[in-house]
Amino acid sequence: MKITIPEFCLVALVGASGSGKSTFARKHFLPTEIVSSDACRGVVSDDENDLDATDDAFKLVHYIAETRLRRRKLVVIDATNVRKEDRARLIQLAKAHHALAVAFVVNPGEDICHERNRERPDRQFGAHVVRNHTRALKRDIKRIDKEGFRYVHEFRSVEAIEAVEIERTRLWTDRRDEIGPFDIIGDVHGCRDELLGLFGKLGYSVRLEGEGLDRRVVAEVPEGRRVIFVGDLVDRGPASPDVLRIAMHMVEQGQALCVPGNHDVKLLRYLNGRNVKLNHGLDATVSQLDREPPEFKQTVKKFIDGLVSHAWLEGGRLAIAHAGIKEPMLGRASGAIREFCLYGETSGETDEFGLPIRYNWAAEYRGKTTVVYGHTPVPEAEWLNNTLCVDTGCVFGGKLTALRWPEKEIVSVEAAQVYMAPIRPFAHPPTRPGVVLSQQAMHDDLLDLDDVIGKRIVTTAMGRTVQVPEANAAAALEVMSRFAIQPKWLIHLPPTMSPCETSTREGFLEHPDEAFAYFDKEGAGRVVVEEKHMGSRALAVVCREEDAARRRFGVTSGETGALFTRTGRSFFNDAVTTEAMLERIRAGMDACDFWSRFDTDWALLDAELMPWSAKAQGLIKEQYAATGAAANAGLGEAVSLLEKAGHGGLDTAELLADFASRKARADQYVDAYRRYCWPVTSLDDYKFAPFHLLATEGKVHMDRDHLWHMQELGLIAAEGGPSLMATTYRVVDLSSEAERLVATEWWLQQTANGGEGMVIKPFDFSVRGARGMVQPALKVRGSEYLRIIYGPEYDLEGNLARLRKRGLGLKRSLAMREFALGQEALLRFVAREPLRRVHECVFAILALECEPVDPRL
Amino acid sequence: MLLTLTTTHQPATDLGFLLHKNPGRVHEAPLSFGRAVLFYPELSESRSTFAMLLDIDPVALVRGKGRGSQGLFDQYVSDRPYVASSFLSVAIAKTLRNALNGSSKERPDLAAKAIPLSARVLPLPVRGAEDLVERLFKPLGYNVEIESIPLDAKLSYLGDGWDVSPYVCLNLSGTVKLSELLSHLYVLIPVLDKQKHYFVDRNELEKLVAKGESWLGGHPEKELIANRYLRFKRSWTREVLARLAFDEAIAEEAASELSVSSSGYGSGEGHAGGEDTGEPREARKDAAEEALERPIRLHELRLETVAEKLKELGARRVVDLGCGSGKLLKRLLAEMQFSEIVGIDVSSGSLENAARRLRLDTMPGKQRARIRILQGALTYRDRRIEGYDAAALVEVIEHLDSDRLSALERALFEFARPEHVIVTTPNREYNAKFEGMAPGQLRHADHRFEWTRQEFAKWAEPVAERFGYQVELSGIGDSDEEFGAPSQMAVFARVG
């Protein structure tokens, strides 16, 4: 006997001890699908027959069952389940997770049960047990199908049990194997002309021909595309029957999918002869239908009746439901889900227009599946937390809207007229008075702690899953909330940068050869060598004007961008300087026609901002200059004491030479840090030297090579006046010894003239080598600059020998993780994902850079 | 980095006998962190000078000495290899042990005798507390001469503070026993430096008692010396002072003074920011604010007012947002009316302090069940604080950038939505009454703003209106006719 069950459901086996339930379960289900009460008794007590452990064992049974159901996994309950109350608990469990419950009653006869138990030494609990089971089962088996099981199958003989074959079918709501592209159309409400107009705009050719029974639809769809109707085809509008005709035809032809709307379902109830009030536009539909032949009504009835609450599509990436859907309902089936999909959720209160106040489920939605829905008319289709309402109130004189998927393009046609006056104006209520922001921007005003604290695992497009330990997240929380700028601006943080391997050349700790060798080994082919500026890393979000800041970043403070450091702090302490600097950068962008060439009104630039002393004066004073002052004072006096002792006849020559060379290095050290300090008396004294054009509207430019970045930014720098500085660079073909030599010579010259050094990057922004991702950049710093890092005396040969041993593994792994997170943050931002998704990545970068602290007390 | 000792005692060449170091050659003594070079740059009957140069290995300080070993510091660039610090004390103890202990094989009488001696130490880190040098050495009978060491005068075009480095060259002279001079230096150099290159354990307490036996008990700065020497382990300070003191009474007095002055270290400010522990800079900021407000006991009064208000409102389950080191929590815990108390702060350092202050580890179970402290930030929605009777934000909002206030408003009034919210913040108008405050200066370096009474009302009233609360504003502390009270409070009550 072939039995079909849904591939997601709760299966309750029902039968006395010895009836063969476990054997049955093992034959038809995976071991991981079966939750056996005996096994759970064993887990909690080491004895599968310990009746004292029954309560605890069932807690475990229910816990496992519940967890599997929550994860949308089939579960089989292998317990006697002979009493009605045991089964009621299971049905309740299934219901809570929108799973169908199926009962298999395994009943080979009491004698067989006795016989089997006799053969098993561990089952010597007496015949009365089976007798009680059988009695309990008999008592209410007749009404078992009233208990809430979707299907009940009873097998009354060993033969029947053995003949069972089980086949699993997909739930109707689970259409994950259907792949787009789709055009998802909002509530039509009988607006046939607008629908036809929208089809035209979408590239479909749809028309209606003939009258009465002959009236038919001719539809041609663009190659590969399909329509999805989000429901509410009927009511209020002038031509509900034609709209139905179009939808039914296209669904029948496989050109469209359709989910039911509340109005469609109410029409069905009317057609089924139920007593429904002819209001809210149903009256119009009824009178239009009265002019249609009765066969048409029958077809409509059948059509609506066959519609499934929602459609879960494209491997789970997309879902369509009329009034929306919550994540735990996706691809499942229950009365509650159908109810939600048709009507949404209301708070039970009514507003001043007497309409129910809707609970905005989308504000709480956090799922990965994009949900497109209708039901609630809104003035514009606007993304909120990966959901989109495409009901733009056509019948109320708004427009009819479609979402092109996966392009995420919104296409609308205006309503030809107001077919019905709206009862309440359909506008989003602002959460901040007087502020016009998108729904998403308003929602993003407040981030949720749950999205940043605790151990975090972030999956990135680069294919790397990055873990952030809880202790790092705890440390980052303090930095982020006390010192970082408004998170709406903070869409990226740069990765740390590893130096090259240490050089073995005499007198050098770093040298370009090692960086060239690294990239050569990784197969980069060409590299871009860029001058490394010695300032402070600065990220600049530049908006074309204030309104772009509001529209794209949801910032209403009047700021036109942000300048922030690699730890997310504002670069300047005052807004006036920030704005003035942004204005300079913007001027450079205006002058090179940046905005129209990139079709954007904002950009993110990655740069170095000089002088070093502008941002780091405190550090220079307290750490660098202080060390220099101490070294010079101490070593200076030591030298003169040794000289004095030498004059006095002691042999101090060797010591004197030693201390004198150290004193000389202390002087060089002071010269080294001084080189990167200069006074700032006006904006002209700042130098902003950009080297990455990271993102503009809709695009993350990390797919462009560094030559492109240098050229684009060179244009801006050339036009940006004295505050902007171009970064010098050259492209080096690693296979050419000559090119390497020229670049090395350049490096030697630059660093001899006081330059910090250079950054060597693979020609392409991100490169996958034989052993995974290649470092996005390596720094090769000049000998004098390194004095600032490693101290005045680092290049004494004895010191150098030890400093050459440095582990780069951790730094490089950190750089890669941060690089992946930074790119991911931008990809999410340009895809207009909710801020929490962007913030998650940026927060993770900051956390990786933080010293961990104990998060628990 | 270096120490020189000079005597004009006749014959000055006896210095060699006192130090047990032959003037005829240069001595090199290996030390765990490098070496000491010992020699006499000047040697005559009338005047002799001994010099000790420390040669500290800067790489080993970071890398450690051998394979896989850990260094003492994580920064290569540091003044440690170049300054007179605890390294110098260790070098004195290791290379001049006999002299330090006052013994001399050849000249025992001279070692026990006060002779004209001078010492020169450089560079000595004093970190802005130059007056301290005199306070430490003058009472011991020295002439003290301080030469300042410039920081980097060439960079003075960048702004102030480039002329003077945190180091000085110290010159001491007096008639003193060599062993005394050496023990004074041994103890007081690390005291001035405020850092030690090794872990301070109980041995350190014994060393202090031994080296300070003859002079520390009578030194007017003995608390400060002991406290700094023992890296602020106050119970040890008390013990040292008790052992050095002539009778218990003096020690008691010392101990009680200490606990008063220590309130300047460690904060008690209930703000969202991080507080003291291990972060002296934060502590300094907090201390500055407390010092301003101390004469009027403002913080105590604030906490008292808030706790009373919470009682009066009949709240049982309360959240202290920005609980800092837990001063308000402690008060609330003492009142049985509060059945559940939650303290939230963003700084894990503060929370650790709070846990210590409240003795959470050893708190009896019933009481422990009433209180929780959690890390959280007020600019994020926090589901853990939803549904409480009341929330208190004592001196918190002024630590947030004003563009982050809208997030706090929503997190607090829209989502956490307690029945009552109490917010206190300084009244900027009153700053005029504080001595030593420049116009426009704020009470705490981390305050992002301070509001006048009118500005506070301009914030509180629309917030109440928007989120369905009623608000009442009042002052905390004695009210001045013109400037109002030093602190101000808003009590929000949810409508419906």
Problem - Residue within the stretch A:128-138 that is among the small types (G, A, S) and either at pLDDT below 85 or not in a helix (DSSP H, G or I) (or both) present - result: no
Handout entry: Top-ranked residue of the stretch A:631-649 - restricted to ones that are surrounded by fewer than 20 Cβ atoms within 10 Å (Cβ to Cβ) and facing another protein chain (nearest Cβ under 8 Å), ranked as nearest to A:A616 (Cα to Cα)
Key = A:K644
Handout entry: A:G628, sole failed condition from (1) in contact (Cβ under 8 Å) with a residue 60 or more places away in the chain; (2) within 9 Å of chain B (Cβ to nearest Cβ); (3) surrounded by fewer than 21 Cβ atoms within 10 Å (Cβ to Cβ)
Key = (3)
Practice task
Being touching a Ser or Thr at 6+ places or on another chain (Cβ under 7 Å), of a type in the set (A, V, I, L, M, F, W, C) and not assigned by TED's automatic domain parsing to the domain that holds A:A540 narrows it down to one of A:A645, A:A664, so name that one.
Solution key: A:A645
Problem - Qualifying residue in the stretch A:693-704 (condition: assigned to a helix (DSSP H, G or I) and either free of Cβ contacts under 8 Å to residues at least 40 places away in the same chain or surrounded by fewer than 18 Cβ atoms within 10 Å (Cβ to Cβ) (or both)) - result: yes
Practice task
Among the residues of the stretch A:308-329, write down those that are of a type in the set (A, V, I, L, M) and surrounded by fewer than 23 Cβ atoms within 10 Å (Cβ to Cβ).
Solution key: A:V308
Exercise for the section: With the condition kept exactly as written, say whether any residue in the stretch A:681-704 is at the interface with chain B (Cβ under 10 Å from one of its Cβ atoms) and either more than 20 Å from A:D606 (Cβ to Cβ) or touching a Cys at 6+ places or on another chain (Cβ under 9 Å) (or both). Expected result: yes
Exercise for the section: Please name all residue pairs, on different chains or six or more residues apart, with Cβ atoms under 6 Å, provided the first residue is in the stretch A:405-416 and is within 25 Å of A:A319 (Cβ to Cβ) and in the same structural domain as A:C394 (by TED's automatic domain parsing) and the second residue is assigned to a loop (DSSP other than H, G, I, E, B) and hydrophobic (A, V, I, L, M, F, W, C). Expected result: A:I410/A:A381
Exercise for the section: Can you give me the ranges of the strands (runs of 3 or more DSSP E) entirely in the stretch B:367-476 with at least 2 residues that are within 14 Å of another protein chain (Cβ to nearest Cβ)? Expected result: B:371-375
Handout entry: Some residue of the stretch A:346-367 being at pLDDT 95 or above and among the aliphatic types (A, V, I, L, M)
Key = no
Fill in the blank from the handout: Those residues of the stretch A:138-157 that are surrounded by 14 or more Cβ atoms within 10 Å (Cβ to Cβ) and either out of contact with any strand residue (DSSP E or B) (no Cβ under 7 Å at 6 or more places or on another chain) or of a type outside the set (A, V, I, L, M, F, W, C) (or both) come to a total of 7
Handout entry: Test result for A:T652, crowded, with 22+ Cβ neighbours inside 10 Å, in contact with a Leu (Cβ under 8 Å, 6 or more places away or on another chain) and within 11 Å of chain B (Cβ to nearest Cβ)
Key = yes
Fill in the blank from the handout: Conditions (1) in contact with a Leu (Cβ under 9 Å, 6 or more places away or on another chain); (2) more than 16 Å from B:E409 (Cβ to Cβ) -> B:G496 fails only (1)
Completion exercise
A:V670 fails exactly one of (1) part of a helix (DSSP H, G or I); (2) closer than 23 Å to B:A36 by Cα; (3) facing another protein chain (nearest Cβ under 9 Å), namely (2)
Exercise for the section: Please work out which residue is nearest to B:A129 (Cα to Cα), limiting yourself to the stretch B:160-210 and to residues that are small (G, A, S) and in a helix (DSSP H, G or I). Expected result: B:S183
Practice task
Run down A:S783, A:S813 and say which single residue is of a type in the set (G, A, S) and in the same structural domain as A:E522 (by TED's automatic domain parsing).
Solution key: A:S783
Practice task
Restricting attention to the stretch A:139-189, report how many residues are under 18 Å from A:L90 (Cβ atoms) and in the same structural domain as A:T387 (by TED's automatic domain parsing).
Solution key: 0
Handout entry: Evaluation of A:N386 against (1) polar (S, T, N, Q); (2) modelled with pLDDT under 95; (3) out of contact with any Ser or Thr (no Cβ under 6 Å at 6 or more places or on another chain) (one fails), failing number
Key = (3)
Completion exercise
Okay, strands (runs of 3 or more DSSP E) sitting entirely in the stretch A:324-396 with 2 or more residues that are aromatic (F, W, Y), I get none
Problem - Matching entry among B:L224, B:L155, B:L208 (being more than 30 Å from B:Q10 (Cα to Cα) and within 14 Å of another protein chain (Cβ to nearest Cβ)) - result: B:L155
Exercise for the section: Would you be able to say whether some residue in the stretch B:454-468 is modelled with pLDDT of 95 or more, crowded, with 20+ Cβ neighbours inside 10 Å and touching a Leu at 6+ places or on another chain (Cβ under 7 Å)? Expected result: yes
Practice task
Kindly provide the set of residues from the stretch A:568-603 that are in contact (Cβ under 8 Å) with a residue 24 or more places away in the chain and of a type in the set (S, T, N, Q), ordered by number.
Solution key: A:S570, A:T577, A:T600
Practice task
Please work out which residue is nearest to A:F763 (Cα to Cα), limiting yourself to the stretch A:708-730 and to residues that are among the aliphatic types (A, V, I, L, M) and touching a Phe, Trp or Tyr at 6+ places or on another chain (Cβ under 7 Å).
Solution key: A:M710
Handout entry: Among (1) of a type in the set (S, T, Y); (2) closer than 20 Å to A:G344 by Cβ; (3) without any contact (Cβ under 8 Å) to a residue 40 or more places away in the chain, the one test that A:S309 misses
Key = (3)
Exercise for the section: For B:R494, indicate whether it is among the basic types (K, R) and within 13 Å of chain A (Cβ to nearest Cβ). Expected result: no
Completion exercise
Of the residues in the stretch B:343-362, those that are touching a residue at least 24 places away in the same chain (Cβ under 8 Å), at the interface with chain A (Cβ under 9 Å from one of its Cβ atoms), assigned to a helix (DSSP H, G or I) and of a type outside the set (D, E, K, R) number 5
Completion exercise
Going through (1) under 23 Å from A:A474 (Cα atoms); (2) in contact with a Lys or Arg (Cβ under 6 Å, 6 or more places away or on another chain) one by one, A:I845 fails only at (2)
Exercise for the section: Determine which member of the set B:A99, B:A129 is surrounded by 20 or more Cβ atoms within 10 Å (Cβ to Cβ) and not aromatic (F, W, Y). Expected result: B:A99
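The values are calculated or read from the model by the stated rules, or taken from the named source; none is laboratory data. Everything numeric here is computed off the predicted structure, so don't read it as measured data. Methodologically, a virtual Cβ is constructed for each residue, glycine included, from the backbone with ideal geometry; neighbour enumeration extends over all protein chains shown.
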